[in-house]
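Everything below concerns the one structure shown next.
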2 protein chains.
Amino acid sequence: MIPHDTHLQIGSLLFDGLDQIDLTGPFEVLSRIPNATHRIYAKTMVPVRDVKGLRLAPDATLADSPQLDVLHDPGGFGQEAAMDDEEILAWLQKQVAGAGHIFSVCTGALLLGAAGLLRERRATTHWASFHLLPLFGATPVNERVVVDGNWIFAAGVTAGIDGALWLAAELRGGDAARAIQLYMQYAPEPPFDSGTPERAPRPILAQAKRAVAGITAQREATARRVAARLGISAPNL
Amino acid sequence: MIPHDTHLQIGSLLFDGLDQIDLTGPFEVLSRIPNATHRIYAKTMVPVRDVKGLRLAPDATLADSPQLDVLHDPGGFGQEAAMDDEEILAWLQKQVAGAGHIFSVCTGALLLGAAGLLRERRATTHWASFHLLPLFGATPVNERVVVDGNWIFAAGVTAGIDGALWLAAELRGGDAARAIQLYMQYAPEPPFDSGTPERAPRPILAQAKRAVAGITAQREATARRVAARLGISAPNL
């Protein structure tokens with residue numbers, strides 16, 4: 001826990017083609033952390049579209065960002081292009097070097113991997129990309145929220161909400177996190193039990209795997225290529 | 001359930017000062033409903049800011065919207081101003097008259113109330129505004145998701161995710177909803193048990209009530225004034 005009188009700079013990375021709730025789920029928590037400034041940073045001030053078209057705009061550019069105390073790195077299919085974007089990778093490297101806490105959501109982990117930042121970390125990501133983590137030197141841990149020192153990894157998409165509450169507790173204590181949880185009435189009651197590969201009915205999982213097969217193959221090819229660039233010897237997958 | 005070959009027009013209302021996750025939580029589901037177009041509508045094309053500053057942009061204006069099959073009405077403190085906005089109220093009335101399904105999230109219910117649309121409905125809203133529903137002629141039901149015919153009401157903020165999955169199942173069947181749930185890895189694990197007034201530790205609830213007291217008083221005054229305008233005889237609260 002950080003002293004309450006220390007003001008925190010919290011920043012979320014925004015990029016084209018992200019999965020919006022990787023950003024907006026945590027936003028609901030991060031924007032309410034006491035004595036903190038939370039802002040959204042992107043390469044330019046032009047609004048981007050998430051993978052399904054939602055238009056989101058940043059508060060400032062990467063170039064205009066301060067050193068962050070807390071870095072929030074979302075995922076979504078746009079992370080593929082970002083993995084080859086030198087400006088984004090350099091920004092992540094610089095911010096991680098100075099930040100006290102790093103918070104990765106979904107395939108944001110692959111982006112951190114492309115920046116060479118996952119070596120020897122315990123990490124998680126979206127279930128469909130989970131098997132790619134070792135390509136970046138990480139140890140995959142099949143939990144919804146994985147805490148590795150000052151790093152917090154949330155699994156796919158909505159796991160970012162749970163991860164953000166963990167982070168809030170890390171930063172400002174459990175009661176601050178509980179107050180935010182109450183405000184946002186976060187007592188989830190999913191109407192179905194289909195939120196993980198282990199829980200989903202088999203035909204639903206089979207259909208979902210078919211639906212993401214193309215994207216998963218592309219992610220694997222990118223991951224192998226980037227791992228080679230980083231000089232990480234990829235294990236046989 | 002609607003025939004799968006019937007294309008659906010799904011629309012979300014965007015207004016200044018909404019609580020962003022009332023829109024973005026459901027967005028993750030609504031944008032993935034098979035054979036449907038999901039778009040965001042606002043008074044103008046200028047990006048708005050949510051109550052904590054997130055900049056969101058619409059796809060089209062209210063004036064350019066088609067008749068929707070599914071209307072999604074989010075809440076957040078900006079609903080206060082919207083309750084006196086004739087353009088928004090008239091749009092809601094027109095859309096509700098023609099829509100097959102109405103989906104209210106959080107204090108979006110108060111906005112529907114201001115449009116005179118809550119009379120004799122079973123409804124819910126954010127816990128801090130729950131007691132205001134009778135002012136609009138509604139029967140408050142203290143559940144996370146309340147289904148009243150073709151209307152679905154979600155309680156506060158994150159309840160919109162659960163409500164959207166209910167709605168997806170109503171529209172396209174349970175398996176379609178389960179597939180979306182698996183994609184978004186929605187198997188929530190809140191790190192604390194503090195998501196409702198009934199579950200939150202008492203000091204946290206007391207603190208939260210103090211924090212929203214001013215907003216709640218303002219909401220009550222607005223609700224009474226609007227109820228009088230609508231000619232609803234408000235019960236003693």
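In table form, for the structure just shown:
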read-out: Of all DSSP beta bridges in segment A:19-117, antiparallel share, percent nearest 5; value: 25
read-out: Cross-link table B:Lys52/B:Lys209; B:Lys43/B:Lys209; A:Lys52/B:Lys52; A:Lys52/A:Lys209, entries beyond 28 Å C-alpha to C-alpha; value: B:Lys43/B:Lys209
read-out: Cα pair distances in segment B:176-237, grouped into 10 Å bins until the bin that holds the longest one, percent each; value: 17, 23, 24, 25, 10
read-out: For segment A:1-79 and segment A:150-220, distance of Cα centres in Å; value: 18
read-out: Gained length - B:Asp193 relative to B:Ala60, 0.36 nm times residue gap less alpha-carbon distance; value: 43.9 nm
read-out: Principal semi-axes in Å for segment A:46-89 [√(5λ), Cα gyration tensor, largest first]; value: 19, 14, 11
read-out: Using a 7 Å Cα-to-Cβ projection, A:Ala211 label spacings across copies, nm, ascending; value: 3.5
read-out: Note, ³J(HN,Hα) from phi for segment A:190-195, Karplus 6.51, -1.76, 1.60, rounded to Hz, x at Gly and Pro; value: x, x, 10, 10, 9, x
read-out: For the protein assembly as shown: Kirkwood Rh in Å [reciprocal of mean 1/r, alpha carbons]; value: 22.4
read-out: Copy-to-copy label separations for B:Arg119, where each label sits 7 Å from Cα toward Cβ, in nm and ascending; value: 7.1
read-out: In nm, spacing of pseudo-spin labels at B:Ala217 and A:Arg225 (7 Å Cα→C-beta vector); value: 6.1
read-out: For A:Asp64, label point 7 Å along C-beta direction: distances to other copies, nm; value: 2.7
read-out: Averaged over B:155-162, number of beta-carbon atoms from partner chains that fall within 10 Å; value: 6
read-out: Mean separation of Cα contacts under 8 Å (6+ apart) over length of segment B:8-230, as relative contact order %; value: 19
read-out: Mean separation of Cα contacts under 8 Å, 6 or more apart, over the residue count of segment A:55-179: relative contact order %; value: 21
read-out: Relative contact order, percent, segment B:1-127 [alpha-carbon distance under 8 Å, six or more residues apart]; value: 25
read-out: Computed FRET value (nearest 0.05) for A:Gln67 with B:Arg119, which takes r as the C-beta separation and R₀ as 41 Å; value: 0.15
read-out: Cα-based equivalent ellipsoid, segment B:8-230: semi-axes from gyration tensor eigenvalues, Å; value: 24, 22, 17
read-out: Accessible area (Å², per residue) of segment B:176-226, counting only protein heavy atoms and a probe of 1.4 Å; value: 50
read-out: Rg over Rh [alpha-carbon atoms, Kirkwood Rh] for segment A:1-74; value: 0.99
read-out: Dipole magnitude of segment B:8-230 about its Cα centre (Cβ charges: Lys, Arg +1; Asp, Glu -1), debye to nearest 20; value: 420
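The values are calculated or read from the model by the stated rules, or taken from the named source; none is laboratory data. This is a predicted model, so every value here is computed, not measured. All Cβ positions, glycine included, derive from the backbone under ideal geometry; neighbour counts span all protein chains shown. Ligands, DNA and RNA are stripped out before the accessible areas are found, and what is left, the full protein with its side chains, is counted by its heavy atoms. Shrake-Rupley method; radii C 1.70, N 1.55, O 1.52, S 1.80 Å.
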